[in-house]
1. For region 380-443, take every pair of Cα atoms, bin their distances at 10 Å starting from 0, and report each bin as a whole percent.
2. Distances longer than 19 Å among the Cα atoms of region 31-138: what percent of all pairs is that?
3. Below 8 Å between Cα atoms, with a sequence gap of 6+, how large is the relative contact order for region 284-374 in percent?
4. Could you work out how much longer the chain between Thr394 and Asp350 gets when fully extended? Use 0.36 nm per residue separation minus the Cα distance between them, nm to one decimal.
5. Could you please rank Trp183, Trp292, placing first whichever residue has the fewest other Cβ atoms within 10 Å of its Cβ?
6. Can you work out the Karplus-derived ³J(HN,Hα) for every residue in region 247-255? Use 6.51 cos²θ - 1.76 cosθ + 1.60 with θ = phi - 60°, whole Hz, and x for glycine or proline.
7. With the convex hull built on the Cα atoms of region 278-384, state its orientation-averaged projected area in nm².
8. Sort Ser110, Ser11, Ser264 by Cβ crowding within 10 Å, fewest neighbours at the top.
Amino acid sequence: MSPVRQRPSPSAARLSRRIESRRARIAVIGMGYVGLPLAVEFAQAGFTVTGIDLNARRVARLMAGRSYIQDVPTAELRGLVRSGRLTATTDFSVLRRADVVSICVPTPLSKQRDPDVSYIVAAVAQVKKHVHPGMLVILESTTYPGTTDELILPELAETGLRVGRDFFLAFSPERVDPGNPVWHTRNTPKVVGGVTPACTEVAVALYRQRLERVVPVSSPQVAEMVKLLENTFRSVNIGLVNELALLCRRLKIDVWEVIEAAASKPFGFMPFYPGPGLGGHCIPIDPFYLSWKARASGFEARFIELAGYINGQMPEYVANLAIQALGQRGTAVRGARILVLGMAYKADIDDVRESPSFDIMKTLEDAGARVEYSDPFVPSLDYFGRRMKSTPLTPRALRRFDCAVIATAHRSFPYGLILRHSKIVVDSRNALRGRRSSKIVRL
Ligand SMILES: NC(=O)c1ccc[n+]([C@@H]2O[C@H](COP(=O)([O-])OP(=O)(O)OC[C@H]3O[C@@H](n4cnc5c(N)ncnc54)[C@H](O)[C@@H]3O)[C@@H](O)[C@H]2O)c1
């Protein structure tokens, strides 16, 4: 089949000119971990940006110039808000005047662990009310291949506007790695796939204004699949090392030493590390978007399901290491006091979404332990409907516990102090590497 040739669209040319001259008005729907840093980048590039969020508290904080995302410094945000480059609102009617709208809403799983695209659907319903000739719509939320074409395009096309001529539609996955000091929105290459070549062209033109490298691909499906491949790649490799960690414990081999030595191979190997399980909004969730899509097309994605199964067992495995260690030292888990170190799902950030620490705590509590947590990034949290506060790490406080479990290797944890004053330390992250003590139980 020969490709359908489209005549150059005057709307595309006009939009590209507005983008290149920074006169294009940009709206970002969803001011979270992804949307806020993106809005800040566009504002810094000289665009006028409006963040739209349903959460009125977030909007009020933004308008007061106060950041709630660790990677966005308040000083930077305040300057942009004061200069009028960045504003925030709960009112979607601003879309009427927007040239570009980027959708960065959550894509969680339903209770049945199927994709929950209701946030995308709700955002698109708002865009549909205000879509107009010359508008570029980009979805950035992680989702299954086909979402842009099957879910968004038919909605927007119902307005009578033609994609690629009147309005433009693309998918561009967000790759932000919260807390990463080297790779951030600006220097992480951006993959872009438009519904038509004109759609890709204008979306590429937009990101080129600020991002260092843009990687165009042939369709939204490819761009959607790229993101899922990246996250599935991580999930599967973490599943593999987690399985290897369980085997190594049985064989009395130090898995951490094995991985470090294997990583000396300069080609064909990439180190992944075992741990207490997956957390965050991406790796535990996104592969299930892909396996759902696979199932819907009659295909069984076995690697993905198996990695999900192995990784899903890890919190319980780590909790059981603590229970066993207590038993070996003559302390019953029932009534034992256990301190979980780190609630954030990874080091040096404050995000507790999907954190395996919750499951570790739950397993220990179900076994009768009295559990507290300590995390300098998470002063308090909601634990299954109960408010908990972070326990400060003092020698006296540490001595109160029968066991400490390192679930997250925050760099600021005082590891020497923890080891000195704890009776047992279960280390699921190799945070105590290089230290020798009979108190340490390494994963
Ligand atoms: N957090 C990450 O590290 C990361 C990295 C890459 C990709 N992603 C993907 O990006 C997307 C967004 O994730 P996030 O971490 O930024 O989520 P988040 O929960 O931090 O932020 C989402 C924001 O969207 C708002 N919102 C929800 N529905 C809305 C609607 N209909 N209209 C307006 N606002 C709405 C929420 O109030 C919230 O402020 C997800 O698909 C996620 O998988 C996240």
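1. 20, 50, 25, 4
2. Details: 2591 of 5778 pairs.
For region 31-138, the fraction of Cα-Cα distances above 19 Å is 45 percent.
3. Details: 90 pairs, mean separation 24.7, N = 91.
This gives 27 percent for region 284-374.
4. Values: separation 44, 0.36 × 44 = 15.84 nm, distance 2.11 nm.
Extending this stretch completely gives an extra 13.7 nm.
5. Details: Trp183 12, Trp292 19.
By the 10 Å Cβ count, ascending: Trp183, Trp292.
6. These are the phi-based 3J(HN,Hα) values: 5, 4, 4, 5, 8, 6, 10, 7, 5 Hz.
7. Working: hull surface 31.5 nm².
In nm², the orientation-averaged hull projection of region 278-384 is 7.9.
8. Numbers: Ser110 12, Ser11 22, Ser264 8.
So the ranking, lowest neighbour count to highest, is Ser264, Ser110, Ser11.
Values quoted throughout were computed directly from the atomic coordinates according to the rules given, and no laboratory measurement underlies them. What you are looking at is a predicted structure, and each value in this text was computed from that prediction instead of being measured. Neighbour counts run over all protein chains shown; Cβ positions are idealised from the backbone, glycine included.
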